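Below: one structure, written as structure tokens.
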Amino acid sequence: MITFFQQTIEYFLIIVGIAILIPAVFAWLISYLTNHAGSAIISRFGTGFYLFISSIGVVIHELSHLLLALFFGHHIENFRLLQIPKNGQVGFVTHSSNPKNLWQAFGNLLIGFAPMIGNSLAIYYLTLWLQPGIFVFKVTFNWSLLVWFLISFSLALGIGLSHEDFQNSLQGLWPALLILLTIALIFKIINKISINQLLVISEKEISFFALALIIALIELIIAKIISAI
């Protein structure tokens, strides 16, 4: 009985790491980098230029919020995938949910982190398409490199989560923990997915988000250099 309980807790902790901790850490790091990069770009070139170069990333950012809100059954009140900056917002999605609905409450966690997933996925598949050699540290110097860089730059700028995004995610924390504990219990009972398999998933997730983190770091360096000129 003790072994069953201990293994269930191990499953639970790893699943929490995959579903919450790893995305949260990378979301904070990337948001810090991209928000500072965005501020440097705006101070040097203005909001119009920032909106132009970040437009693809902003659209994917807001679309990620929107699609996950719909998936979890939230009521969409209003949204703008892209707009002229208003009250500091270049896009928004307002939605509401039933706090008594566990599924909708759980959705708040992932909806808040949605751009982290959506924009990172876009960067990953864009890289796979235009510059697959980057995954083995090999760059192909042709027209596709410039296209990849410009679009990835925009996508990375769009990853940054706002304070409201983090706050909305916290609303779904406790329902998420309850659901993840249930999943851990199911995994242990059916005994089809091993802890080692989950650890492999977590390693792939880290490498997946690391690409977006590296691009965010590069664009902060570029933004700081340009703003200092």
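The values are calculated or read from the model by the stated rules, or taken from the named source; none is laboratory data. Everything quoted here is computed from the prediction, not taken from an experiment. Here Cβ is always computed from backbone atoms with ideal geometry, including for glycine, and neighbour counts include all displayed protein chains. Just so you know, the surface numbers come from the protein's heavy atoms only, side chains and all, with ligands and any DNA or RNA stripped out. Shrake-Rupley method; radii C 1.70, N 1.55, O 1.52, S 1.80 Å.
Tabulated values for the structure
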{"quantity": "Mean Kyte hydropathy of -1.0 or more with a Cα span along the axis of at least 15 Å, helices from DSSP in the chain", "calculated": "2-16, 22-45, 47-71, 102-130, 143-157, 173-190, 195-228"}
{"quantity": "Efficiency of FRET between Phe135 and Gln167 - r from beta-carbon atoms, R0 30 angstrom, step 0.05", "calculated": "0.30"}
{"quantity": "Given 15 as the ceiling on other Cβ atoms within 10 Å, longest exposed-site-free region of the chain for chymotrypsin sites (Phe, Trp or Tyr not before Pro) in DSSP loops", "calculated": "1-136"}
{"quantity": "Size of electric dipole in the chain: Cβ of Lys, Arg +1 and of Asp, Glu -1, about Cα centre, debye, nearest 20", "calculated": "120"}
{"quantity": "Within the chain, longest stretch free of exposed trypsin sites (Lys or Arg not before Pro) [DSSP loop, at most 13 other beta carbons within 10 Å]", "calculated": "1-99"}
{"quantity": "Dipole-positive endmost among Ile193, Asn142, Ala156 within region 130-205 (Cβ charges, Cα centre)", "calculated": "Ile193"}
{"quantity": "Taking all pairs of distinct alpha-carbon atoms in region 1-114, Kirkwood radius in angstrom", "calculated": "16.5"}
{"quantity": "Residue (of Phe92, Ala105, Phe52) at the positive-pole extreme of the chain, dipole from beta-carbon charges", "calculated": "Phe52"}
{"quantity": "Accessible surface of region 1-128 [probe 1.4 Å, protein heavy atoms]: carbon and sulfur percent", "calculated": "68"}
{"quantity": "For His95, residues with placed amide H under 5 Å, excluding near neighbours", "calculated": "Glu77"}
{"quantity": "Normalised contact order of the chain, rounded percent, pairs of Cα under 8 Å and 6 or more residues apart", "calculated": "34"}
{"quantity": "Region 33-74 - Kirkwood radius from inverse mean 1/r over Cα pairs (Å)", "calculated": "11.5"}
{"quantity": "P(r) weight above 26 Å for region 55-179, C-alpha pairs, percent", "calculated": "31"}
{"quantity": "Distance cut-off 26 Å, percentage of C-alpha pairs in the chain lying past it", "calculated": "43"}
{"quantity": "Convex hull projection area averaged over all views, region 108-229, Cα basis, nm²", "calculated": "9.9"}
{"quantity": "Convex hull volume per residue in cubic angstrom - Cα atoms of region 1-50", "calculated": "49"}
